[in-house]
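Novice: The structure is given below, and queries will be raised subsequently.
Every number in this text was worked out from the coordinates using simple rules, so none of it is lab data. Keep in mind that what you see is a predicted model, and the values were worked out from it rather than measured. Counting neighbours? That spans all protein chains shown, and the Cβs are built from the backbone with ideal geometry, glycine included.
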């Protein structure tokens, strides 16, 4: 609609900057949505294409924290990654996507002055990944549905921060493809903790 008005020449010159900003914002959101849909389609239809190799999960977590540091700083949120140098068998790109989606959500729904912590722990045959924030939290009635495609707890806020509603669904698929499990603890007004347990070795079965 904005583009059509600009193309028709009926927009005042002082409004062009505002209109073009809206167009850019929505185009970027559409790109993210298409990318997420493609990722989910690939995970649904061609998981056998994924190559598994040795992954140092803490290094991946630290890379994610560095990547999101500027975005977190803009919201006055500190993001840290710490823990143990746990090594597991997995797909490096997909594991990075899992951590990125969880940490990005924690930043998006965090509070100013808050903390997002990504922690990696080594536990014999398993590796634990925890992403914790002290943000707005998730109501109990929504907690069972947050991994569904396009499900959003706060639709208006999700749109404002650029969410597609597919990030946690990608997380769920990625964890399942690594034969892992997810648990969630959250309280409204206090924050959310998502904990994933991965086996260190992936069996052919």
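Novice: Name the most mobile residue of 21, 137, 110, meaning the one with the largest mean-square fluctuation, in a Gaussian network model of the chain with Cα contacts below 10 Å.
Specialist: Among 21, 137, 110, the largest mean-square fluctuation in the Gaussian network model of the chain belongs to 21.
Novice: Further, regarding this structure: From the C-alpha coordinates alone, can you work out the Kirkwood hydrodynamic radius of segment 1-49, in Å?
Specialist: Numbers: mean 1/r = 0.0771 Å⁻¹.
Evaluated on segment 1-49, it is 13.0 Å.
Novice: Which log10 I(q)/I(0) values, to two decimals, does segment 2-110 give at q = 0.17 Å⁻¹ under the Debye formula with one point per Cα?
Specialist: Here the Debye-derived log intensity ratios amount to -0.95.
Novice: Return one number: the angle in degrees, 0 to 90 and rounded to the nearest 10, between the long axis of the Cα atoms of helix 57-74 and the longest principal axis of the Cα atoms of the chain.
Specialist: 30 degrees
Novice: Further, regarding this structure: Please find, in a Gaussian network model of the chain (springs between Cα atoms separated by less than 10 Å), the residue of 52, 19, 150 whose mean-square fluctuation is greatest.
Specialist: Evaluated over the chain, the most mobile residue of the options is 19.
Novice: Could you tell me the calculated FRET efficiency between residue 17 and residue 67, based on Cβ-Cβ distance and R0 = 25 angstrom, to the nearest 0.05?
Specialist: After rounding, the FRET efficiency stands at 0.30.
Novice: Next question. Based on the alpha carbon coordinates of the chain, what radius of gyration and maximum Cα-Cα distance (Dmax) apply, in Å?
Specialist: Computed over the Cα atoms of the chain, radius of gyration and Dmax are 18.9, 67 Å.
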